[in-house]
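Enquirer: Starting off with a structure, shown below.
What follows draws every value from the coordinates through simple rules; no lab data is involved. Computed from a predicted model, the values in this text were never measured in an experiment. Because the Cβ atoms are built from the backbone with ideal geometry, glycine has one as well, and the counts that use them run over all protein chains shown.
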Amino acid sequence: MNYELISKLTMEENEKLKVEISLLRKRNEILHHETETLRSMVKKTQEEKEFLENEVESLKSALTFKKDQNSYEIPQYS
């Protein structure tokens, strides 16, 4: 009887561990997917940041050019 009880307890524990392993694998899969999604979002954000930085520099250059153009006066001849 003692052997049967130990065997039954061992099998129950084994089943619990199998369920836990299954849950942990699923959790790992979900976390891996979330990690990939976050990496993708970070990459897109970095690309957008670079684009916006280039746009700011372009606008600054255009503004500087416009200021330079306005400060240059054509001498008027009478």
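Enquirer: Whole-Hz Karplus ³J(HN,Hα) for segment 8-19, in order, using 6.51 cos²θ - 1.76 cosθ + 1.60 and θ = phi - 60°, x for Gly and Pro?
Expert: 5, 4, 5, 5, 5, 4, 4, 5, 4, 5, 5, 5
Enquirer: What nm value, rounded to one decimal, do you get for the distance between LYS43 and ARG27 when each label is placed 7 Å out toward the C-beta?
Expert: 2.8 nm
Enquirer: While we're looking at this one, here's another question. Residue by residue through segment 31-42, what is 3J(HN,Hα) from phi via Karplus (6.51 cos²θ - 1.76 cosθ + 1.60, θ = phi - 60°)? Round to whole Hz and write x for glycine and proline.
Expert: Here the 3J(HN,Hα) series is 5, 4, 5, 4, 4, 5, 4, 5, 4, 5, 5, 4 Hz.
Enquirer: Given the chain, what count of lysine pairs have C-alpha atoms under 29 Å apart, with each pair 8 or more places apart or on different chains?
Expert: The result is 12.
Enquirer: Something else about it: Please report, in Å, the Rg and the Dmax of the chain, where both are computed over Cα atoms only.
Expert: Expressed in Å, the Cα Rg and Dmax of the chain come to 34.1, 123.
Enquirer: Could I ask something else about it? What is the list of residues in segment 8-27 whose amide nitrogen lies under 17 Å from a point 7 angstrom out from the Cα of THR35, following Cα to Cβ?
Expert: 24-27
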